[in-house]
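The values are calculated or read from the model by the stated rules, or taken from the named source; none is laboratory data. Only a predicted model underlies this, so the values are computations on that prediction, with no experimental measurement involved. Here the Cβ is made from the backbone with ideal geometry for all residues, glycine too, and neighbour counts use every protein chain on show. The area values use the complete protein model at the heavy-atom level, side chains included, leaving out ligands, DNA and RNA. Shrake-Rupley method; radii C 1.70, N 1.55, O 1.52, S 1.80 Å.
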Amino acid sequence: MGDESCGTRCVQFILFMLNFIFFLCGVGLVVVSIFIWLGPVEAFNFNVIDLANILDNVYLEVGCFIMMGAGVIIIFFAIIGCCGAFLLNRLLLGLYFLIIILLFFAQLAGAVLAAIYSAEIDTFLSSEATDMLQMKYKHGNDSYSLAIDSFQMKFDCCGINGREDYEDLDKGIPGSCCGKDRTSDGKCVDADIAQSGCREELKAFLTQNTTIIGATLVGVACLELFLMVFAVLLCRNASEKDY
């Protein structure tokens, strides 16, 4: 009997600590999503919202809110998991187990979508990005033009394929092609224009971010797998009085 009680306390402690880590993961998701959404231009000069404007893809912006919502849900159910582990309450542990299963499969689906999106990056940059640039870049203060200028200044590049992407535009090559240490006012002189296009930089930026997102989702899903196992073990040892 003493061994069983000791085993239950060990599982209880492990589940409690795993939920504390889960809680910290939730807090981290909320902080990161807010950080991305606010877009600290002073720190990075470019953020995910700028990227969404360049790609004309609202799903990247929606993703920030989804990440924030997921973080809030994780925080809430991590607290339920801690309470269930501490109180040995079968009802709380059962509810906790059900929600963790749903989160587990949702995050695996998100990781698969991130992998699919990452695989399509090269196709987009090869077939659509240049046409979008020539159609939407206005040398103005619209969100797309500002995002392109920000990216070109940060990565010291010009256009998607190079300066030739701007040659057919009425106002010529933008000032942001002069390099990251220059402003976007006025035109560049030929000697100052960045020689390379932004295709590889955009591809690397997109690939890096989708890889981080996918890896994070898989990592949290693995943690949730352990949480489910220990929740079941603890639920089996919980007192019948909670029913």
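Potential lengthening of the chain between Ile116 and Asp142 amounts to 6.4 nm, from the contour at 0.36 nm per residue minus the alpha-carbon distance. Between Leu95 and Glu164, the FRET efficiency from the beta-carbon distance, with R0 = 41 Å, is close to 0.10. Under the simplified labelling scheme, the Thr211-Ser196 pair shows an inter-label distance of 1.6 nm, with each label point 7 Å from Cα along Cα→Cβ. Our estimate of slack between Thr8 and Leu102, defined as 0.36 nm per intervening residue step minus the Cα-Cα distance, is 31.3 nm. The simple Förster model, with R0 at 30 Å and r as the Cβ-Cβ distance, assigns Phe124 and Val27 a FRET efficiency of 0.35. In the complete set of protein chains, residue-level accessible area for Met68 is approximately 50 Å², probe 1.4 angstrom. Pairwise inverse Cα distances across region 105-144, averaged and inverted, put the Kirkwood hydrodynamic radius at 12.3 Å. Packing, as the average of other Cβ atoms within 10 Å across residues, places the peptides 142-152, 200-210 in the order 142-152, 200-210, highest first.
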